[in-house]
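Read through the structure below, which is laid out as structure tokens, and then see the notes.
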Number of protein chains: 4
Amino acid sequence: MLKKLSDLNHCSKDDFVAALANIFEHSPWVAEAAAALRPFAGIGALFAAMTTVVDRAPDEMQLALISAHPDLANKTQRATGLTPESSAEQDSVGLDRLSDAEYAAFERANRAYRAKFGFPYIVCVRRHTRDSILRDFERRLPNDAKAEMRRSIAEICRIAALRLDQLVASEDRLPVHGRLSTHVLDTHSGRPAAGISIELTELSDLGQPRVVARTITNSDGRTDQPLIGGRPVPIGRYELLFSVGDYFAGHGVPMADPPFLDKIPLRFSVSEPEGHLHVPLLVTPWSYATYRGS
Amino acid sequence: MLKKLSDLNHCSKDDFVAALANIFEHSPWVAEAAAALRPFAGIGALFAAMTTVVDRAPDEMQLALISAHPDLANKTQRATGLTPESSAEQDSVGLDRLSDAEYAAFERANRAYRAKFGFPYIVCVRRHTRDSILRDFERRLPNDAKAEMRRSIAEICRIAALRLDQLVASEDRLPVHGRLSTHVLDTHSGRPAAGISIELTELSDLGQPRVVARTITNSDGRTDQPLIGGRPVPIGRYELLFSVGDYFAGHGVPMADPPFLDKIPLRFSVSEPEGHLHVPLLVTPWSYATYRGS
Amino acid sequence: MLKKLSDLNHCSKDDFVAALANIFEHSPWVAEAAAALRPFAGIGALFAAMTTVVDRAPDEMQLALISAHPDLANKTQRATGLTPESSAEQDSVGLDRLSDAEYAAFERANRAYRAKFGFPYIVCVRRHTRDSILRDFERRLPNDAKAEMRRSIAEICRIAALRLDQLVASEDRLPVHGRLSTHVLDTHSGRPAAGISIELTELSDLGQPRVVARTITNSDGRTDQPLIGGRPVPIGRYELLFSVGDYFAGHGVPMADPPFLDKIPLRFSVSEPEGHLHVPLLVTPWSYATYRGS
Amino acid sequence: MLKKLSDLNHCSKDDFVAALANIFEHSPWVAEAAAALRPFAGIGALFAAMTTVVDRAPDEMQLALISAHPDLANKTQRATGLTPESSAEQDSVGLDRLSDAEYAAFERANRAYRAKFGFPYIVCVRRHTRDSILRDFERRLPNDAKAEMRRSIAEICRIAALRLDQLVASEDRLPVHGRLSTHVLDTHSGRPAAGISIELTELSDLGQPRVVARTITNSDGRTDQPLIGGRPVPIGRYELLFSVGDYFAGHGVPMADPPFLDKIPLRFSVSEPEGHLHVPLLVTPWSYATYRGS
């Protein structure tokens, strides 16, 4: 369903606007204004044009754009319908299956935010976990309205970049993807550790932990696919669990009974969704080390 | 309430037997036979004398000794009364507050063991956690009766050694104590990490994890007391949790937001209850390492 | 001066033989026999054909091939002339600028070898350092003549593979190149260490150490080019020297005076000339770690 | 030949002065003034009394004290005679066996210093290596005379503390001793590495490296004696060399040929002569780590 940039450059204005109507939620006027600036040399240029339209729009237009967005994790709005884009975004971060405590926390936050500012709290949820959204709420609530309008527009542009990235094929790419990777080195035998089971879990203060990847290291001690890739790596706390006991037992390495090390957890946080975070493990049956690599 | 060895060497035979009657559960005959061998040069010699009495006793006496022991985690026996020694031992490993699943597992194991061998399953519980007892059950059940009698006597002697260690003061010590220690080195600043909160938790497959120590590192990056000391370190799985995020934040070290590392878990198993297990942490805001030290 | 495989496939037999006459030292008969097997699908097929010619040659031809090789580090033969290939190979490992002690050792070894076997000692010098050649001498001298003929032929084929690789351009490549690389991670700041001066030295028991690479880490903490690449990594002992004191001082990191760590040496040996050896450094001003990576 | 503090407290004034005449070089007047303040509760009190005498002495007395000291590494003065204390101190740092380049450097420094200030350069050589003395020279030369007088007196007091420590036995100790220690952990096998040969070398910019300790790790992976102890650890650059190749070969651990790691050098600097510097090695055949421990 990807649209080629060249097609967008040469189609009718109506088709262009139809294609990009929801890049900015319920706000086809952004696409309309951008249509006049065609052709675009790349998706970067297209995105820059659209955000410029938004940035230069008068305050009341910006406020309308902000107000066109749904609340986060609002069951009533969900029942009456979100744009498919909003719905998919909210589902991606698990907002459709919150624990009761989490729902309550989101509801409190939404209400407090709307009461203070008169418009919905907006954040680019694909860059976040449930916990980091709630922390973001808390940090932004003390801001003044002007700062929050600016911030909301910035988040809307991040949402737009991700929607555009999913919709339009171009030779250049928007810098919206991050990567989380790992690498297991067996420093007992001096070789990459192949066949190690790995589980990646997103941790949560209020809700249940959520397994987001299960995989096995290949012959190079890496995973064939990044643990998270082709999208932002959501800000949040994670645990990587490496089954090293099974690995060393399988290689006949002498160990204590029970083995000193069996399943090794590495707990860390992601702070840069568009960055490349490499979390390797150097391991023997009696020691291990990790570090933020690159 | 400790008794001096010299007093035991010189008191009446009746007083000697009364003092040591329950070193071997409900079996004062062991103390009686040992009384004739006084005086003892040390607690080691006293223990050796008592275990020799047991080892040389005829099979029916050994069987009686074994049968004098209660089942583990048996609620009915608890209600009717254990020796204070047995009760304290079982409580120490948490057998008085098992989860339902754990109770059921212990009951199944006890029943299967008694059905096969005709005598109760005996293990020196102070050297174990709930999980390691259940694993020991499983490993011993396939044995034949002769092997299990030998093994039961060996466990009874371990129990006796710990009881003796708690009862008798002597210049020499029985080698029944182990030690679990840690040390936090801040390799970001090249100094011991003082003021780090540490929590030690005993992990369990069937029941809840149980916090067994909470402490804070001193100016040398160590803990004033060993995490576990003055007793065997129970065989089992543990997690040490180090609050390094607070530590580095308190020292004004620049970190990511949220910090890459906050609470670091080290998960490991203990296999030698009488050994010294040292589990240090070398840490920066971006890396850490651990190893089985000494 | 590279020759295209397709040209070699289609040129006259004389041109083919002329081009490949010295792939096997002074032995154009190998190329002659191989010419009849044209065309070759790739350089791998060409090499396989030539080595098969050699393997199937009668003993006296193999002996002639062996005897066509010069002694290593022989000043007289150097004066009277080597093939350009032999000369370049010997120079590459520094055999043209040995210390007196090294010359003496090579001369002793050559003489002993020739005295025992009646033919010159042959080794693929591009896969070696001076030290590893002398150790190879010592190991092979106790062999019997038959084993040494086989071994000499094997070394001659390795020499041929490298000569062919330098002479013939093909889409496929012979697996004759190794790689030595490094990577410096600053675990004090959680980022790649850029701008670190690195020196790679080949160590020697008898002669002087020889600097073989000087470079600086790039923004990814790596070197733009491998420390050794595009050729075998000679078997031998090496030292990597990292100027971390200057690096941390340049970043204003508080250090002791003098700094605890200044120039960090990593000393290691290469054993697989065609492999990829990765020797990273994880470093703070107070700690470092290295490992054989991949 | 140690004198008991109690004897010094109760002997005649003449004997007291005779015993402590050279604690401050050729300056018995310090002991004379201190004699009147007897008895001293400990060596710390005695030292405090003597340094107070010096600190309160008029400038011309302090200058005389400074001028009573010999030049460092001055051959002529050596020939005509130093106090035994000065001679032993200068020998301890190797000033009696300097390379020609070092002699020249010391002579230049002495001459420049004396020309500027009119008194000899004084430093507590037992806290230094040849290199660190030359660096200290360079740093102090730009000072003004007043600052250098203060600094010289401070160095003289450090010299006095070490002389007093060697001469007087007391229950308390002056804090003049440092310690350099190591510990080798075999993280391949999860145990202390026993039987590892260790060599400690003092490095020098101008002269030859000097081996200052050779030892072997004991069953705890430590050395029976500290590498340097019972004296200050001289400020300077050092290399520890660990023979891990022999160790792993002796334990039958599979390794590459030649082994990836054989003799591991750790190069570091000492900056606090009275501190405890611990430089451990965590090692497998394929990896190692070190850090400034405590």
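The values are calculated or read from the model by the stated rules, or taken from the named source; none is laboratory data. From a predicted model like this one, the values you see are computed outputs, not experimental measurements. A quick note on method: Cβ atoms are made from the backbone with ideal geometry, for glycine too, and the neighbour counts reach across all protein chains shown. Heads up: the accessible areas ignore ligands, DNA and RNA and are worked out on the full protein's heavy atoms, side chains in. Shrake-Rupley method; radii C 1.70, N 1.55, O 1.52, S 1.80 Å.
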Give, rounded to the nearest 20 debye, the magnitude of the charge dipole that segment A:73-222 has about its Cα centre when Lys and Arg contribute +1 at Cβ and Asp and Glu contribute -1 at Cβ.
-> 400 debye
Quick one: which residues, 5+ away or cross-chain, put their amide H under 5 Å from the amide H of A:Ala213? H built at 1.01 Å from N.
-> A:Leu200
Among the residues of segment B:179-218, which ones have their accessible area go down by 40 Å² or more when all the protein chains sit together, as opposed to their chain alone (1.4 Å probe)?
-> B:Leu185, B:Thr187, B:His188, B:Gly190
Buried accessible area between A and B, both sides, 1.4 Å probe, in Å² rounded to 100, is 2400 Å²
Considering only the protein assembly as shown, percent of DSSP beta bridges that pair antiparallel, nearest 5 = 80 percent
Provide the FRET efficiency to the nearest 0.05 for the B:Arg151-B:Asp14 pair, computing r from the beta carbons and using R0 = 45 Å.
-> 0.85
Which distances, shortest first and in nm, link B:Gly230 to the matching position in the other copies, using label points set 7 Å out along Cα to C-beta?
-> 3.7, 5.9, 7.0
One decimal, nm, shortest first: give the distances between the label point of D:Ser92 and those of the same position in the other copies, each label point 7 Å from Cα along Cα→Cβ.
-> 5.1, 5.6, 6.9
Residues whose placed amide H lies under 5 Å from that of C:Gly178, excluding near-sequence neighbours = C:Gly230, C:Arg231, C:Val233
In terms of Cα to Cα distance under 17 Å, which aspartates and glutamates are near enough to C:Lys13, apart from those fewer than 8 places away along the same chain?
-> C:Glu32
Under 11 Å, Cβ to Cβ, from B:Arg163 - net charge with Lys/Arg +1 and Asp/Glu -1 = -2
Pick out, from B:Ser67, B:Thr129, B:Gln77, the residue whose Cα sits farthest towards the positive end of the charge dipole of segment B:3-169, with +1 on the Cβ of Lys and Arg and -1 on the Cβ of Asp and Glu.
-> B:Thr129
Cross-link partners among lysines for C:Lys263, C-alpha distance below 18 Å, same-chain residues fewer than 8 apart left out?
-> D:Lys263
Quick one: what are the phi-derived ³J(HN,Hα) couplings along segment B:173-190, Karplus 6.51/-1.76/1.60 with θ = phi - 60°, whole Hz, x for glycine and proline?
-> 10, 6, x, 10, 9, x, 7, 10, 9, 9, 6, 10, 9, 8, 7, 6, 10, x
Is it possible to state the helix-based mean residue ellipticity at 222 nm for chain A, with each DSSP H run of 4+ residues giving -39500 (n - 2.57), the sum divided by total residues, to the nearest 500 deg cm²/dmol? What is it?
-> -12000 deg cm²/dmol
Take peptides C:275-288, B:53-66, C:115-128, A:137-150 and line them up by average Cβ neighbours within 10 Å, highest first, as a rough protection proxy.
-> C:275-288, C:115-128, B:53-66, A:137-150
For D:Lys116, counting only lysines whose alpha-carbon sits under 20 Å away and dropping same-chain residues fewer than eight positions off, the answer is D:Lys146
Lys, Arg +1 and Asp, Glu -1 on Cβ, resulting dipole of the protein assembly as shown about Cα centre, debye, nearest 20 | 0 debye
Using a simple spin-label model with points 7 Å from Cα along the Cα→Cβ vector, what separation in nm is obtained for D:Ala112 and C:Arg38?
-> 7.3 nm
Using a 1.4 angstrom probe on heavy atoms only, work out the carbon and sulfur share of the accessible area of chain C in %.
-> 51 percent
With a Förster radius of 56 Å, plug the Cβ-Cβ distance of A:Asp59 and A:Asp7 into 1/(1 + (r/R0)^6) and report the FRET value to the nearest 0.05.
-> 0.95
Can you work out ³J(HN,Hα) from phi for every residue in segment C:284-294, in order, using Karplus 6.51 cos²θ - 1.76 cosθ + 1.60 and θ = phi - 60°, giving whole Hz and x for Gly and Pro?
-> 10, x, 10, 6, 7, 8, 9, 6, 6, x, 8
Heavy-atom accessible area per residue of chain A, all protein chains kept, 1.4 Å probe, expressed in Å², is 43 Å²
One decimal, nm, shortest first: give the distances between the label point of A:Ala36 and those of the same position in the other copies, each label point 7 Å from Cα along Cα→Cβ.
-> 8.2, 10.1, 11.6
Relative to the Cα centre, what is the charge dipole magnitude of segment A:178-290, using +1 at the beta carbon of each Lys and Arg, -1 at the beta carbon of each Asp and Glu, and rounding to the nearest 20 debye?
-> 160 debye
